[in-house]
Amino acid sequence: MTIEEVAPTTARPEPPATRAGKQEQVREQLADLISPMSPGEPLPAERDLAAHLGVARMTLRRAVEALVADHRLIRRPGAGTFVAPARVDQRLSATSFSTDMRSRGLVPGARTVQAREQSAGMVMASVLGIEPMASVLHVRRVRTADGEPMALEDLHVPADLVPGLSGADLQDASFYDLLESRYALSITAATQTIEPHQVTAEEAEQLEATEGDLAFLFERTSRVADGRVAEFVRSVYRGDRYRILVDIFPTSTGDRRAPL
């Protein structure tokens with residue numbers, strides 16, 4: 001998008017305003033300018049944009065930073081500033097990543113980064129409810145939506161629960177779908193925790209993010225109908241692409257419903 005494609009701002013005397021008010025005005029003008037632009041489209045050059053809006057470049061930079069913080073814009077080191085893709089709302093439920101993305105009209109994907117069988121060890125054995133020397137399949141995958149990296153996932157599964165399962169099987173596939181279709185097992189319960197997380201250098205490379213970016217860290221333990229633990233999964237979700245959505249209902253005591 002070029003400056004020529006944007007209707008010029010009509011110059012007029014500005015009423016007295018605080019610096020904060022001026023910055024908010026510029027932020028709103030910039031937000032209006034990018035609203036018709038497509039995700040991934042680059043912002044016009046800073047010099048041209050500042051001249052078009054009739055503001056100092058420092059004022060423009062503050063407005064850009066505000067929209068980056070609001071996840072309306074995204075910075076790519078060495079490349080520039082771009083319109084950010086829309087964030088995906090994640091409901092807290094026991095659905096798979098693939099099912100969740102399809103429900104939003106997005107195409108889910110999974111790229112296997114590494115896969116190996118190894119002894120559980122004391123910590124993972126305790127989590128999975130197996131012996132420390134039992135084999136565990138560990139698969140690391142980049143989960144994508146419409147080809148864009150959304151999360152880096154480390155999946156740990158007791159090997160005797162899924163004999164023959166490999167990292168190649170999980171390439172662009174849903175673990176839950178494979179669990180049901182190949183092994184006749186369905187997830188019936190899960191416990192999940194969520195906490196803030198800063199993207200590490202290794203995670204940034206896989207997620208096409210920047211080291212230190214804010215992210216969500218999900219850890220989930222899921223069980224099948226007979227009570228066995230089917231998985232422990234640790235997932236780092238990009239904070240600029242994901243948002244948590246929770247449905248809240250009032251609790252009730254007898255026939256009385258307590259207020260929220």
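The values are calculated or read from the model by the stated rules, or taken from the named source; none is laboratory data. What you see is a predicted model, and the numbers here were worked out from it, not measured in a lab. Don't worry about glycine lacking a Cβ; one is built from the backbone with ideal geometry, like all the others, and counts go over all protein chains shown. All accessible areas refer to the heavy atoms of the entire protein, side chains included, with ligands and DNA or RNA removed. Shrake-Rupley method; radii C 1.70, N 1.55, O 1.52, S 1.80 Å.
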The stretch 158-220, Kirkwood Rh and Cα Rg, ratio Rg/Rh at 1.09
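Would you kindly state how much longer the chain becomes between LYS22 and GLN118 on full extension, computed as 0.36 nm times their sequence separation minus their alpha carbon distance, in nm to one decimal?
28.6 nm
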How far apart, in nm, are the 7 Å Cα→Cβ label points at TYR183 and ARG72? 4.7
Name the residues whose placed amide hydrogens come within less than 5 Å of the amide hydrogen of MET150, ignoring near sequence neighbours (fewer than 5 apart) on the same chain. ARG143, THR144, ALA145
Per residue of the stretch 127-143, in order, report the coupling 6.51 cos²θ - 1.76 cosθ + 1.60 (Karplus, θ = phi - 60°) as ³J(HN,Hα) in whole Hz, putting x for Gly and Pro. 5, 8, x, 10, 6, x, 8, 5, 7, 10, 8, 10, 10, 9, 9, 9, 8
So for the stretch 98-188, averaging the separation of alpha carbon pairs under 8 Å that are six or more residues apart and normalising by length, what relative contact order in percent results? 28
Rolling a 1.4 Å sphere over the protein heavy atoms, what is the accessible area per residue of the stretch 36-87, to the nearest Å²? 54
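Which net charge results when you count Lys and Arg as +1 and Asp and Glu as -1 among the other residues whose beta-carbon is under 9 Å from that of LEU137?
Values: positive: ARG116; negative: GLU117.
Once positives and negatives cancel, what remains is 0.
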